[in-house]
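Here the structure comes first, spelled out in structure tokens, and everything after it is commentary.
The values are calculated or read from the model by the stated rules, or taken from the named source; none is laboratory data. Note that the structure is a prediction, hence the values are computed from the model and not measured. Here the Cβ is made from the backbone with ideal geometry for all residues, glycine too, and neighbour counts use every protein chain on show.
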Amino acid sequence: MKFVKYLVFTFAIFCAVAFLLPKDRYVSRSVEIEKEIDVVFDQVNTLKNWENWSAWSVSDSNTVYQYSKQESGKNAWQSWSSQSIGEGKLTIVESKNNQLIETSLDFYDQGKGAGKWEFSQRKGITTVKWTYHANMGYNPLARWIGLFIDGMLGQSLEQSLQSLQQYCSSLSLDETLEIEL
């Protein structure tokens, strides 16, 4: 009987502390890219381009992607299905040319999230800041998991941004001109 009381007490403490933890969690990373802002912006704003630099595209080459008929900008979307990274859908909900892209993520039964990309340029260097936001809701376990979200997701954001930097830097002048046309 003491064990049951101890177990109930421990569970109550676990839940009480969980509700003191923040409901909203953010993971943010940035990178500087020596390329014009419109070239970098297009890489993010056109979802099919993500296959060139996204950490998740690299992690499972067997991922099956589907895309909306609209290739870029507001309301463009991509969905994916993979044995290792699961299923989901990413939709661009806001796109301000060379400034901002906001996305919504639906991981179906795994939850939802949001992304925000901010772009700025100074002296030929484009700064890209990528922020992921997750609302952990009222689930005590989700709130505890939220403590580890930066460690779980931060490395993938960094890897993606580094790959974006390398990919954009590798684009030739001809490829850059095609993007601008």
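Name the one entry in VAL27, VAL44 that is in contact with a Gly (Cβ under 8 Å, 6 or more places away or on another chain), under 27 Å from MET136 (Cα atoms) and touching a residue at least 60 places away in the same chain (Cβ under 8 Å).
VAL27
Given SER95, SER81, which one is free of Cβ contacts under 8 Å to residues at least 40 places away in the same chain and of a type outside the set (A, V, I, L, M)?
Being free of Cβ contacts under 8 Å to residues at least 40 places away in the same chain and of a type outside the set (A, V, I, L, M) holds for just one of SER95, SER81, which is SER81.
With the structure loaded, tell me whether LYS112 is farther than 23 Å from SER30 by Cβ and at pLDDT 85 or above or whether it fails that test.
Yes, satisfied.
Give the residues of the stretch 10-29 that are assigned to a strand (DSSP E or B) and surrounded by 15 or more Cβ atoms within 10 Å (Cβ to Cβ), sorted by residue number.
ARG25, VAL27, ARG29
Just the residues that are assigned to a loop (DSSP other than H, G, I, E, B) and in contact with a strand residue (DSSP E or B) (Cβ under 6 Å, 6 or more places away or on another chain), please, taken from the stretch 104-118.
PHE107
Just name the residue that is nearest to the chain's Cα centre (by Cα) out of those in the stretch 4-34 that are at pLDDT below 80 and hydroxyl-bearing (Ser, Thr, Tyr).
The residue in question is THR10.
Suppose we keep only residues that are closer than 17 Å to GLU102 by Cβ and touching a strand residue (DSSP E or B) at 6+ places or on another chain (Cβ under 8 Å) within the stretch 38-63. Which one would you say is surrounded by the most Cβ atoms within 10 Å (Cβ to Cβ)?
Here the answer is VAL40.
For the stretch 134-181, what are the residues that are modelled with pLDDT of 90 or more, closer than 23 Å to GLU71 by Cα and crowded, with 16+ Cβ neighbours inside 10 Å?
Once the filter is applied, which keeps residues that are modelled with pLDDT of 90 or more, closer than 23 Å to GLU71 by Cα and crowded, with 16+ Cβ neighbours inside 10 Å, the stretch 134-181 yields LEU157, SER160, LEU161, SER163, LEU164, GLN165, TYR167, CYS168.
Check off (1) touching a residue at least 24 places away in the same chain (Cβ under 8 Å); (2) among the basic types (Lys, Arg); (3) under 18 Å from VAL31 (Cα atoms) for ARG122 and give me the number that stays unchecked.
(1)
Test of understanding: among GLN70, GLN78, GLN66, which residue is over 18 Å from SER170 (Cα atoms), out of contact with any helix residue (DSSP H, G or I) (no Cβ under 7 Å at 6 or more places or on another chain) and outside any loop (DSSP other than H, G, I, E, B)?
Among GLN70, GLN78, GLN66, only GLN66 is over 18 Å from SER170 (Cα atoms), out of contact with any helix residue (DSSP H, G or I) (no Cβ under 7 Å at 6 or more places or on another chain) and outside any loop (DSSP other than H, G, I, E, B).
Assigned to a loop (DSSP other than H, G, I, E, B) and out of contact with any strand residue (DSSP E or B) (no Cβ under 7 Å at 6 or more places or on another chain) - does that describe any residue in the stretch 85-103?
For the stretch 85-103, residues assigned to a loop (DSSP other than H, G, I, E, B) and out of contact with any strand residue (DSSP E or B) (no Cβ under 7 Å at 6 or more places or on another chain): present.
Could you identify the single residue in ILE37, ILE85 that is on the phi < 0 side of the Ramachandran plot, at pLDDT below 95, β-branched (Val, Ile, Thr) and touching a Phe, Trp or Tyr at 6+ places or on another chain (Cβ under 9 Å)?
ILE85
May I ask you to say which residue of GLN83, GLN99, GLN66, GLN121 is farther than 25 Å from ASP150 by Cα and surrounded by fewer than 16 Cβ atoms within 10 Å (Cβ to Cβ)?
GLN66
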